[in-house]
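To keep things clear, I will list the structure first and then write my remarks on it.
The values are calculated or read from the model by the stated rules, or taken from the named source; none is laboratory data. Small disclaimer: the values here were computed from a predicted structure and weren't measured. Quick reminder, even Gly has a Cβ in these numbers, built from the backbone with ideal geometry, and neighbours come from all protein chains shown.
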Amino acid sequence: MAFTYFFRDMLTLELITKYVIPQVKGHRHIRVWDAGCAHGPEPYSVAIMFRENMSHFMFRNVKIYASDIDTSSRFGEIIVNGVYPEGEIKRIPSEIRKKYFSKNGRPGYYEISDEIKSCLTFTQHDLLSLTPVATDFNLIVCKNVLLHLKPKERVDVIKMYHDVLVPGGFFVTEQTQKMPMELESHFQQVVGNAQLFRKV
Ligand SMILES: C[S@@+](CC[C@H](N)C(=O)[O-])C[C@H]1O[C@@H](n2cnc3c(N)ncnc32)[C@H](O)[C@@H]1O
């Protein structure tokens, strides 16, 4: 199973809350692509942050496309079921955990709420196909994936992200990932200390 966990990167979740959600909150369609989502902890953490910052009514407009090359062929099933062992959810702040997770019939397992589950769809997808899973995204999250690609592949994948973001849409990647020089004019860095970018 890929290395990932719920609320792995609090800084990114806080930046999404501060810069992205206020921009998209009133929209009828809010589309997020979590590329390289593993078995779900990251896209579900993003979904929870959206729900924490909007009403049930507005949250119905949020659609998260979670995708991964998924060499295990099990990620889709895990994401659809939304059931995780206690060990995987223990880092979630307790008030959030209580709100969105309930005990599953299986001892030691917890299930995420139907409301959160219903905003996510999973697609088995290779980023190197350079075919997007959809278009018109307000936010693309791609963390701890680009580092595995060759420099040219990284440029091609980020260029694909640029093409499918709406004007002013956001792209966030891991702290250690620099925007390739070829694409610097395509994005504006939103804050100096994090890799959150806005489509120019
Ligand atoms: C370390 S995990 C990162 C999971 C999550 N984004 C996070 O940061 O916690 C890397 C994920 O990237 C996926 N991945 C690697 N190469 C990929 C590709 N070419 N297309 C799609 N996903 C890929 C792996 O299957 C794995 O699930």
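In summary, strands (runs of 3 or more DSSP E) completely within the stretch 115-200 and bearing 1 or more residues that are surrounded by 13 or more Cβ atoms within 10 Å (Cβ to Cβ), touching a Leu at 6+ places or on another chain (Cβ under 6 Å) and not hydroxyl-bearing (Ser, Thr, Tyr) occur at 137-142, 165-173, 196-199.
The residue list Lys99, Lys18, Lys25 contains one member that is modelled with pLDDT under 95 and more than 9 Å from the ligand (Cβ to nearest atom), which is Lys25.
Within the stretch 48-96, track down each residue that is modelled with pLDDT of 95 or more, among the aliphatic types (A, V, I, L, M) and over 17 Å from Asp34 (Cα atoms). Residues satisfying the conditions are Met54, Met58, Val83, Ile96. You will find that of Ser45, Ser67, the residue that is within 12 Å of the ligand (Cβ to nearest atom) and either in contact with a Gly (Cβ under 7 Å, 6 or more places away or on another chain) or within 23 Å of Val157 (Cα to Cα) (or both) is Ser67 and no other.
How about the stretch 68-91: which of its residues are within 17 Å of Glu115 (Cβ to Cβ) and without any contact (Cβ under 8 Å) to a residue 12 or more places away in the chain? Please lay out each step first, then the result.
Within the stretch 68-91, the first condition is being within 17 Å of Glu115 (Cβ to Cβ), and the residues that meet it are 79-84, 89.
Passing the criteria: none in range.
If you scan the stretch 112-135, which residues turn out to be in contact with a strand residue (DSSP E or B) (Cβ under 9 Å, 6 or more places away or on another chain), of a type outside the set (Val, Ile, Thr) and closer than 23 Å to Met58 by Cα? Selection gives Ser113, Lys117, Cys119, Leu120, Phe122, Ala134. Count of the stretch 166-188 residues, restricted to those that are at pLDDT 95 or above and closer than 18 Å to Thr17 by Cβ, is 6.
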